[in-house]
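The values are calculated or read from the model by the stated rules, or taken from the named source; none is laboratory data. What you see is a predicted model; the values in this text were computed from it and never measured. Cβ placement follows ideal geometry from the backbone for every residue including glycine, while neighbour counts extend to all protein chains displayed. When the accessible area is computed, the model is the full protein with side chains, heavy atoms only, and any ligands, DNA or RNA have been set aside. Shrake-Rupley method; radii C 1.70, N 1.55, O 1.52, S 1.80 Å.
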Amino acid sequence: EAAVTQSPRNKVTVTGGNVTLSCRQTNSHNYMYWYRQDTGHGLRLIHYSYGAGNLQIGDVPDGYKATRTTQEDFFLLLELASPSQTSLYFCASSDLGAEDTQYFGPGTRLLVL
Amino acid sequence: GDSVTQTEGLVTLTKGLPVMLNCTYQTTYSPFLFWYVQHLNEAPKLLLKSSTDNKRTEHQGFYATLHKSSSSFHLQKSSVQLSDSALYFCALSADASSGSWQLIFGSGTQLTVMP
C-alpha cells in the first residue's frame, strides 16, 4: 500500500506566525494533494500538484501557498497564520488523476492561537 | 459546478441492523464516484469506487450501485458491526476528459454502531 507521511503531527502557533507542513510519499505517485478537514465541511482541497515544480489551485487556497520540490515532497506554507486556519490537514497522493485512488497521510493537527 | 450531497450527518444503529448512507451528486460530465471511510484518529481510506452505471460494487461487506439516472451512489451494508463505526465520505471525480480531475467530497456521515 502507498505510504504517505506528514510532519509535524501536531503544531501550535500564534496568529501571524509562519508554519510549514511537510508531506512525503514514497510510491512515485504523480499527484499530491493538500486538504483541510473541518466538521460539517468534509475534506476541502487547498492545493494540488501533478509533478515536481507544478502547482494547481484547489477550492480553498486563500492564505496558503504550496510547493512541490521533488516527486516525493509537497509542502504547505501558511505565512501569516490566522485562527480560521485551525484545522486538521491531510496530504494525499495518487498515481493518476480523476479516477485513481488517493492515499492519505496520517494528518497534521494545527492550532492557531 | 460539481457537487456531492450527503443528507445524513449522523446515523446511529444497533449492531446487526442494515444501513444505507445516502449520496447524490451533480455533474455535467461522466461521473466517477468513491466512498472513503475514516476511523477515529485515522486517515481516510478508500472503501469502494465505481464509474459503471447500474453495476453493484462491493468491498468488506459494503456495497453501492451507481445510478446515473438518479445521480446517486448510496452505500449499504446488510448487517453493521461495531467496527463499522466511522466517518464515511462520498466523493465525486469528473471524467479526466473534462479537464477537471480533483475529488469533491461530501460533508460526511458519522456512523455509530451500538452494541
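Below are the figures for this structure:
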quantity	calculated
Hey, residue A:95 acidic (Asp, Glu), away from chain B (no Cβ under 11 Å) and within 22 Å of residue B:38 (Cβ to Cβ) or not	yes
Of all residues making up the range A:17-26, the number that are part of a loop (DSSP other than H, G, I, E, B) and either surrounded by 16 or more Cβ atoms within 10 Å (Cβ to Cβ) or among the acidic types (Asp, Glu) (or both)	0
From B:72, B:30, B:78, residue being of a type in the set (Gly, Ala, Ser), touching an Asp or Glu at 6+ places or on another chain (Cβ under 6 Å) and either in contact (Cβ under 8 Å) with a residue 12 or more places away in the chain or surrounded by fewer than 16 Cβ atoms within 10 Å (Cβ to Cβ) (or both)	B:30
Filter result (under 11 Å from the mean Cα position of the chain (by Cα), more than 17 Å from residue A:17 (Cβ to Cβ) and of a type outside the set (S, T, N, Q)) within the range A:62-82	A:66, A:68, A:73, A:74
Where residue A:3 falls short, out of the listed (1) under 12 Å from the mean Cα position of the chain (by Cα); (2) exposed (fewer than 14 other Cβ atoms within 10 Å of the Cβ)	(1)
Residue in the range A:36-47 that is at the interface with chain B (Cβ under 9 Å from one of its Cβ atoms), in contact (Cβ under 8 Å) with a residue 60 or more places away in the chain and farther than 20 Å from residue A:14 by Cβ present	yes
Selection count, the range B:9-51, where residues are at pLDDT 95 or above, more than 18 Å from residue A:90 (Cβ to Cβ) and in a loop (DSSP other than H, G, I, E, B)	6
Hey, residue A:108 touching a Pro at 6+ places or on another chain (Cβ under 7 Å) and within 14 Å of chain B (Cβ to nearest Cβ) or not	yes
Candidate set: the range B:54-69, residues that are outside any loop (DSSP other than H, G, I, E, B) and closer than 15 Å to residue B:24 by Cβ; chosen: the one most open to solvent (accessible area, probe 1.4 Å)	B:67
Strands (runs of 3 or more DSSP E) contained in the range A:27-113 and holding at least 3 residues touching a Leu at 6+ places or on another chain (Cβ under 8 Å) and either open to solvent by 20 Å² or more (accessible area, probe 1.4 Å) or of a type in the set (Lys, Arg) (or both)	A:31-38, A:65-68
Filter pass, residue B:13 being surrounded by fewer than 13 Cβ atoms within 10 Å (Cβ to Cβ), away from chain A (no Cβ under 14 Å) and over 12 Å from the mean Cα position of the chain (by Cα)	no
